[in-house]
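See structure below.
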């Protein structure tokens, strides 16, 4: 009887959490899965599976905006999941980067960041991380093999991939500030749950229905689905 009551309460919490997500947060989750699928299943340009298998966390920022007139900048909001025994529940993230110059026009890119070691993860779970200063970041190598990766790429704490008009390429994010989206985390999991709690599983969190495609994309065995060995 006690177990049934607990299950009922958790179910109610899950439904309540999903109901309080904003439209933008649901959109982030809905778009993150297809972006990862495209990245990992591309036959010509994709992240090497050797690097994917070593990544500690994956961050997907759909439709990161780059727009400017004299003063430029980029802003994006996305989701992150980290490896524990399985991939963790999603953590909502924000990325902002300022720039200066005569920049006119607007552009949107889909951004994927791989966090390659635990040191990078620990920094990421602090209040904020300055990319290139607090944590090293390099444009990730493209292709099925990691053999073409440079020393800078292999030693970087984070690797970045971006997609514009369906084409993946590296992107320079030095000077960007990456942080957990605390307001979105509260709407998803409650006031007393931090990004570190979600990643480490130290506190139980509600399952977000909108995150299902993202979680499936993370767990997908590309070698099994494409016949590669």
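How many residues does segment 83-96 hold that are assigned to a strand (DSSP E or B) and under 9 Å from the mean Cα position of the chain (by Cα)?
Here the count works out to 3.
Residue by residue, here is whether (1) surrounded by fewer than 21 Cβ atoms within 10 Å (Cβ to Cβ); (2) assigned to a loop (DSSP other than H, G, I, E, B); (3) at pLDDT 85 or above holds:
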position	(1), (2), (3)
103	yes, no, no
106	yes, no, no
111	no, no, yes
114	no, no, yes
122	yes, no, yes
130	yes, no, yes
138	no, no, no
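Could you tell me whether residue 192 is outside any loop (DSSP other than H, G, I, E, B) and either over 25 Å from residue 132 (Cα atoms) or at pLDDT below 90 (or both)?
Spelling it out, it is not the case that residue 192 is outside any loop (DSSP other than H, G, I, E, B) and either over 25 Å from residue 132 (Cα atoms) or at pLDDT below 90 (or both).
The values are calculated or read from the model by the stated rules, or taken from the named source; none is laboratory data. What you see is a predicted model; the values in this text were computed from it and never measured. Here Cβ is always computed from backbone atoms with ideal geometry, including for glycine, and neighbour counts include all displayed protein chains.
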